[in-house]
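Just so it is clear, none of the values below were taken in a lab; they were calculated from the coordinates. Not measured: the values here are computed from a predicted model. Glycine gets a Cβ as well: all are built from the backbone with ideal geometry, and neighbour counts include every protein chain shown.
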Amino acid sequence: MATYDSWLQDYDGWLQGQPLVEYEVDYDDDEKVYFVLEDGKVYPHETFNTEEDAQTFIKWLLGE
């Protein structure tokens, strides 16, 4: 019978082995807002007034 601890041991290192997510900031001229792209796709429901705010959000996503 598998226990929670054995699950952690079996998958230890799995997350570190996954490809890194790439984030970048883009600007919408029509809406006049910045937004974050996650691997080329728009991060949902998040817009920012400044590029600095979008960069701060990326840092938060990365746990920095």
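Would you pick out the residues in the range 32-59 that are within 12 Å of the chain's Cα centre (by Cα) and on the phi > 0 side of the Ramachandran plot? Result: D39, G40. Checked against (1) in contact with a Leu (Cβ under 6 Å, 6 or more places away or on another chain); (2) loosely packed, with under 11 Cβ neighbours inside 10 Å; (3) of a type outside the set (A, V, I, L, M, F, W, C), D29 passes all but a single condition, namely (1).
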